[in-house]
Structure formats: structure tokens, C-alpha cells
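Participant: There's a structure below that I have some questions on.
The values are calculated or read from the model by the stated rules, or taken from the named source; none is laboratory data. Fair warning: this is a prediction, and the values are worked out from it, not measured in the lab. Here the Cβ positions follow ideal geometry from the backbone for every residue, glycine too, while neighbour counts run over all protein chains shown. The protein model used for the area step is the full one, side chains on, heavy atoms only, and it has no ligands, DNA or RNA in it. Shrake-Rupley method; radii C 1.70, N 1.55, O 1.52, S 1.80 Å.
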Amino acid sequence: MAEINYDNLLTQIKPSSKEKDKVEKLSNELVNIINESASELDANASAVLVGSVSKGTWLSGNADIDILIKFPLNTPEKFLKEFGLKIGHKTIEKMNGSWEERYASHPYVTGYIQGYYVDFVPCYDISSSEDLKSAVDRTLLHTEYILDNLTIKQADEVVLLKKFMEAVGTYGSEFRVGGFSGYLCELLILRYGNFYETLKNAAFNWNYGTCFDLKNYGTSQNFNDPLVAVDPVDPNRNVAAALTLQKMSEFIVASANFLENPSEDYFTLEKMELSAETIKNQFKDRETKTILITFEPPKIPADAVYPQIKKTENSIVKLVESEGYTTLGSAACTDETEVAIILIEFETWMLPSLKKHYGPQIWIREHQKRFLEKYPNNAWIEGDRWVVGVKREHVMVTSLLSDLMTGKKSGYLQFGKHLKKKIMKEHQIIDVLEYLEEKNCKTEVLKFLNHYLHQGELLLR
């Protein structure tokens with residue numbers, strides 16, 4: 001087994017000097033233009049580069065540029081929101097870029113400039129978490145802390161960790177991933193020293209509730225999450241709060257697999273053969289029934305869309321199982337603009353027309369009387385309880401799903417806040433085999449279906 005040459009690997013995954021110079025030049029130019037735009041608008045604000053680009057922990061080809069527009073603490077929130085957007089728009093116009101408005105703690109502008117996505121986010125210029133007015137304000141303190149504590153060598157270790165996590169599918173704290181944030185990766189390297197020790201500790205020492213507290217605040221007991229990383233700049237925040245148990249578990253298993261058989265394959269994104277025909281045959285071989293519910297996603301921010309789709313998915317699964325159908329798995333995806341898909345795979349999708357309905361115990365005589373008046377025929381006793389066979393409303397799960405989606409039974413279903421009208425207005429319930437046969441599937445949909453079929457494969461190379 002050949003040893004991994006990490007220095008050589010870093011040359012492949014770190015930005016080249018040319019890429020680094022280009023991004024740094026653009027970032028500096030944007031900071032200057034923001035300051036110029038703020039002055040022209042007579043706004044007391046200044047720009048600062050934050051995030052992985054400012055800390056030297058970004059991956060080649062993945063330079064999302066984050067710039068905070070700082071306002072003094074005494075700035076009215078209405079002024080910050082209004083002029084934060086104005087400054088962002090003015091800067092993008094000067095750079096001949098395109099833009100869209102998004103929302104985090106405050107509304108902000110994302111620009112696409114010279115081939116790079118740039119976030120222009122207004123914040124308050126805080127010097128301590130005690131001054132905190134919104135979550136985004138902490139980013140200033142995060143950047144300062146990492147720049148003060150992370151060595152150049154450790155920045156390389158962060159890059160290795162990020163690339164490993166990206167390749168095994170556990171990188172990204174946004175809701176649709178539920179994985180490790182960039183800042184959490186940086187703190188892990190500060191905690192364990194390097195990439196190898198981080199994986200070793202994860203593989204052999206982590207359990208549910210593992211904690212680390214770099215500043216020894218002693219507040220870790222205040223959190224009940226799978227992993228607790230007390231924020232060095234805010235003792236009342238767990239940096240790992242967005243990390244799901246699923247992604248923590250996957251990282252632990254991938255780490256153990258890598259340590260047992262180290263390979264550079266763990267740092268490369270798997271190239272998948274995305275053939276609709278192949279995926280269709282794989283679903284067919286499972287001899288289950290997989291239903292897709294497709295609809296147009298609502299026009300709301302991505303971080304709001306995913307939780308609402310997931311809530312709807314979970315509610316559908318819970319309801320169909322309460323009706324006697326059994327599921328093997330479920331998943332959801334969206335391209336955020338044109339299509340959203342909820343996938344449910346059934347072990348049981350057809351049921352007999354008769355189902356057992358339990359009545360009261362014989363000791364509860366008033367209820368017993370009403371039960372027998374309602375069901376005068378074919379009731380029987382099991383133990384001390386009345387039972388009757390009743391006709392099932394839905395013998396096919398597709399019929400049940402249709403009633404749920406059209407509102408005939410919607411009171412039972414917990415839709416995401418913005419999804420109900422969208423789904424009831426227009427949706428499709430379709431077997432995955434039929435979908436793959438008829439549809440000209442987008443690459444993203446094929447990736448989603450392929451990942452569902454091969455969920456564990458990213459963890460072992």
C-alpha cells in the first residue's frame with residue numbers, strides 16, 4: 001500500500017498561484033469599490049473580506065468570495081438593511097456583474113462577477129459577542145480568531161480536511177447537506193493539530209455528544225447535539241449545531257475506512273455513469289415500488305425551501321405508514337427554481353380491502369354500546385377488546401397519495417409553509433420507472449436518484 005504524498009496532493013487541491021492572485025486582486029478591488037460606493041452614498045460603512053478566501057483555507061475552483069459591509073453599532077437596523085443593499089448593488093453595477101437578492105440575518109446581495117460568486121452582506125462592526133445584534137455579525141470575530149490562531153501549515157491541513165469531507169459527502173452546513181461548515185473544519189484542525197489526527201479521533205474516539213471547547217468556557221453541557229464545538233468567540237453557541245447525526249456518522253465511518261486503507265481516491269469526487277436506463281434497471285431489480293411526487297418549488301430562499309420540502313416528505317412518510325403501508329426509504333431534492341422531487345420507496349404499496357379496526361375494551365360499557373350500534377355485524381372479541389373488519393379507504397398507496405396532494409385528505413398532512421398552494425395547484429405522482437422512461441431527466445435529477453441507490457458508496461473507496 002503506497003503512502004499518500006500530501007504535499008503533492010495539496011498542489012492539486014489548493015488554488016494555484018495564478019488562481020490565488022486573480023481572486024485576491026478581485027477581492028481587493030471589490031473592497032475598495034464598496035468603500036468608494038459607501039462614501040458616494042454618504043453611508044458610514046466599510047468593507048472587509050471574510051470567509052475561507054481571507055483565511056487561505058479555500059479549495060481550488062471553489063472561491064466563493066464573502067465580503068462584509070460593516071456599519072457602526074449605533075446604526076439603525078432599517079438604515080443598515082437599506083444601504084447594505086444599495087452599496088452591494090452599486091458595487092456590482094460598477095463591476096458589470098449580475099445579481100440576486102437573498103436573505104440571512106439581513107437581506108443581502110449576491111453578485112456574479114468575473115466568473116465568481118460574491119456575497120455582499122451588511123453587518124454590525126462588533127468587537128465582542130456581547131455586542132452581537134445578528135448571527136452574521138459573528139463572522140467578523142470568526143475570521144479574526146482563525147487569522148490569529150491558525151498557522152500556514154494548519155491552513156493546508158484544513159484544505160485536506162475540507163476536500164476529504166467534500167469527496168465523502170459530509171462538507172457543507174447548509175440544510176440540504178447538514179454537514180460540517182468551513183469554520184468547524186478550521187476549529188477541528190486547531191483542536192487536533194492536523195488532518196490525520198482529526199480523522200483518527202473521529203474514527204476511534206467520537207461518540208454522540210463529543211465536545212471540545214478551545215477556550216475552556218465550560219459551557220458545553222448547555223448543548224445537546226451529536227457534536228459540540230463551543231464557539232471560541234461566543235460561549236453560548238455550538239458551531240456544530242447544524243451538523244446532523246447522519247453526516248457525523250458518515251464522517252466517522254469514512255475516517256475509519258480511510259485510516260484502514262489510505263488512498264488519494266478519498267480526495268476526488270466520484271465520476272458517476274449517469275445513465276437513465278441503468279438507474280431504471282437498478283430500481284427495477286429492487287422489486288419495490290418507488291413513487292416520485294414532483295412539483296415546482298416556491299420562489300423563496302434556498303435555506304427556506306429545503307426544510308419545508310423535508311418537513312412535507314417526513315409528514316407523507318409518517319401518514320402512509322400509519323395507514324398500513326411500509327416504506328424502505330425516502331429522500332427529496334430540488335434545483336430551487338424549476339422542479340422539486342419527493343421520493344418514497346415502498347416495501348408494501350398494495351393492501352387488502354379489509355382492515356382490522358380496534359374498538360373499546362368490554363369493561364367500558366358505554367363505549368362498547370356505541371361501538372356495537374355502529375358495527376352490528378361481524379364484530380368479535382380479542383382478549384378483552386372489541387375488533388371489527390372494516391373496508392379500507394385506499395388499497396393502493398398511489399390513491400392515498402393522490403387524495404393527500406389534492407387536498408381531500410390534506411388536513412392530515414403537514415405541508416411546509418409555502419408548499420401547500422404550490423403542490424395543490426400542480427403536481428405529478430409518478431412511478432420512478434415511468435419517470436425515467438418518459439422524462440428527459442436533468443443531470444441533477446439523475447445524480448439524486450443515483451445517490452439514493454448508492455448512499456454508502458462515497459464512504460468506502
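Participant: If E287 satisfies all but one of (1) exposed (fewer than 14 other Cβ atoms within 10 Å of the Cβ); (2) at pLDDT 90 or above; (3) more than 30 Å from Y412 (Cβ to Cβ), what's the number of the condition it fails?
Facilitator: Going through (1) exposed (fewer than 14 other Cβ atoms within 10 Å of the Cβ); (2) at pLDDT 90 or above; (3) more than 30 Å from Y412 (Cβ to Cβ) one by one, E287 breaks only (3).
Participant: Now a separate question. Scan segment 156-172 for residues that are touching a helix residue (DSSP H, G or I) at 6+ places or on another chain (Cβ under 7 Å) and either farther than 21 Å from R461 by Cβ or open to solvent by 40 Å² or more (accessible area, probe 1.4 Å) (or both) and jot them down.
Facilitator: Selection gives D156, V158, Y171.
Participant: Hey, among T110, T57, which residue is in contact with a Lys or Arg (Cβ under 6 Å, 6 or more places away or on another chain) and of a type in the set (S, T, Y)?
Facilitator: Only one candidate qualifies: T110.
Participant: Is it true that some residue in segment 394-410 is outside any loop (DSSP other than H, G, I, E, B), of a type in the set (G, A, S) and in contact with a strand residue (DSSP E or B) (Cβ under 8 Å, 6 or more places away or on another chain)?
Facilitator: yes
Participant: Filter segment 7-22 down to residues that are within 27 Å of the chain's Cα centre (by Cα) and either more than 21 Å from K153 (Cβ to Cβ) or of a type in the set (V, I, T) (or both), then give me how many there are.
Facilitator: 1
Participant: Is it true that some residue in segment 27-41 is within 23 Å of V158 (Cα to Cα) and either under 26 Å from the mean Cα position of the chain (by Cα) or surrounded by 14 or more Cβ atoms within 10 Å (Cβ to Cβ) (or both)?
Facilitator: The answer is yes; a qualifying residue exists.
Participant: Given the structure, is G178 open to solvent by less than 10 Å² (accessible area, probe 1.4 Å), assigned to a loop (DSSP other than H, G, I, E, B) and of a type in the set (G, A, S)?
Facilitator: So G178 fits the description; yes.
Participant: Return the residue satisfying two criteria in turn: it lies in segment 404-447 and is more than 25 Å from E323 (Cβ to Cβ) and surrounded by 19 or more Cβ atoms within 10 Å (Cβ to Cβ), and of such residues it is farthest from the chain's Cα centre (by Cα).
Facilitator: Filtering segment 404-447 for residues that are more than 25 Å from E323 (Cβ to Cβ) and surrounded by 19 or more Cβ atoms within 10 Å (Cβ to Cβ), the one farthest from the chain's Cα centre (by Cα) comes out as L436.
Participant: Scanning segment 125-155 for residues that are more than 27 Å from S255 (Cβ to Cβ) and hydrophobic (A, V, I, L, M, F, W, C), which turns out most open to solvent (accessible area, probe 1.4 Å)?
Facilitator: Ranking the qualifying residues of segment 125-155, first place goes to L147.
Participant: Moving to a separate point now. Going by what's in this entry, would P360 be described as more than 22 Å from K280 (Cβ to Cβ) and open to solvent by 50 Å² or more (accessible area, probe 1.4 Å)?
Facilitator: It is false that P360 is more than 22 Å from K280 (Cβ to Cβ) and open to solvent by 50 Å² or more (accessible area, probe 1.4 Å).
Participant: Being surrounded by 12 or more Cβ atoms within 10 Å (Cβ to Cβ), touching a Leu at 6+ places or on another chain (Cβ under 8 Å) and under 24 Å from T348 (Cα atoms), is that true of even one residue in segment 373-391?
Facilitator: Yes - at least one qualifying residue is present in segment 373-391.
Participant: Being in a loop (DSSP other than H, G, I, E, B) and at pLDDT below 90 is the requirement here; does G416 meet it?
Facilitator: Yes, satisfied.
Participant: Take the residues in segment 66-125 that are of a type in the set (F, W, Y) and under 26 Å from the mean Cα position of the chain (by Cα), then tell me which one is farthest from L30 (Cα to Cα).
Facilitator: Y103
Participant: Another one. Going through segment 181-208 one residue at a time, which ones are open to solvent by 10 Å² or more (accessible area, probe 1.4 Å), assigned to a helix (DSSP H, G or I) and of a type outside the set (G, A, S)?
Facilitator: Residues satisfying the conditions are Y183, L190, R191, Y192, Y196, E197, K200, N201, F204.
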